[in-house]
Amino acid sequence: MLRLFHELPNEHFTADQVYRKLSREPEPCSLASVYRALSQLHEADLISSATLGDARIIYELNRGQRHYHLVCNRCGRIQDAYDPGLEQQQAKIAADQHFHYVTSSLVIFGRCEACEGLPAATPKRFGASG
Ligand SMILES: [Zn+2]
Ligand SMILES: [Zn+2]
């Protein structure tokens, strides 16, 4: 199963998507065993997971770099975003509250470039749905 993540290192999969991809293989496995394997790979730090606002959990190859997710409300596309400065800021917010920062998860919802039909540099409107 890890092969799937290595073949598509920038992809994000839900357990269901992994299951559907694997069911095309010569030796298909059950959805329960997909969940089991995903949690084992996750515990071994080989893949990382993130929860999206709508209770979807996605898995992806652990590339050792913390990142954030931009999720398109319309087509469901998931993009990665990196901002080490933002992480430092979150650690500072935590420290200000005498809170030891360990990790955080940020998901930004909006519309992707293709759905919005605007050039990437144009500021996006967030929050409004529909
Ligand atoms: Zn989109
Ligand atoms: Zn990601």
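Among residues of region 80-102 that are not assigned by TED's automatic domain parsing to the domain that holds Ser48, those with a beta-carbon under 7 Å from a residue that is surrounded by 10 or more Cβ atoms within 10 Å (Cβ to Cβ) and charged (D, E, K, R) at least six positions away or on a different chain give the pairs Glu87/Arg66. Scanning region 50-66 for residues that are crowded, with 17+ Cβ neighbours inside 10 Å, of a type outside the set (Val, Ile, Thr) and either within 10 Å of ligand 2 (Cβ to nearest atom) or at pLDDT 90 or above (or both) turns up Ala50, Tyr59, Glu60, Leu61.
Of everything in region 84-97 that is charged (D, E, K, R) and exposed (fewer than 13 other Cβ atoms within 10 Å of the Cβ), the residue that is farthest from Tyr35 (Cα to Cα) is Asp96.
Against the list (1) more than 16 Å from ligand 1 (Cβ to nearest atom); (2) farther than 17 Å from Leu106 by Cβ, the condition Glu60 fails is (2). For region 5-87, the strands (runs of 3 or more DSSP E) that sit wholly inside it and include 2 or more residues that are polar (S, T, N, Q) are 47-51. Among the residues of region 29-49, those identified as surrounded by fewer than 11 Cβ atoms within 10 Å (Cβ to Cβ) and not small (Gly, Ala, Ser) are Glu43, Asp45.
Candidates Ala15, Ala44, Ala32: the one that is at pLDDT 90 or above and either under 13 Å from Glu60 (Cβ atoms) or in contact with a Lys or Arg (Cβ under 7 Å, 6 or more places away or on another chain) (or both) is Ala15.
The values are calculated or read from the model by the stated rules, or taken from the named source; none is laboratory data. Every value quoted in this text rests on a predicted model; they were computed, and no experiment measured them. Positions of Cβ are backbone-derived with ideal geometry, glycine not excepted, and every protein chain shown enters the neighbour counts.
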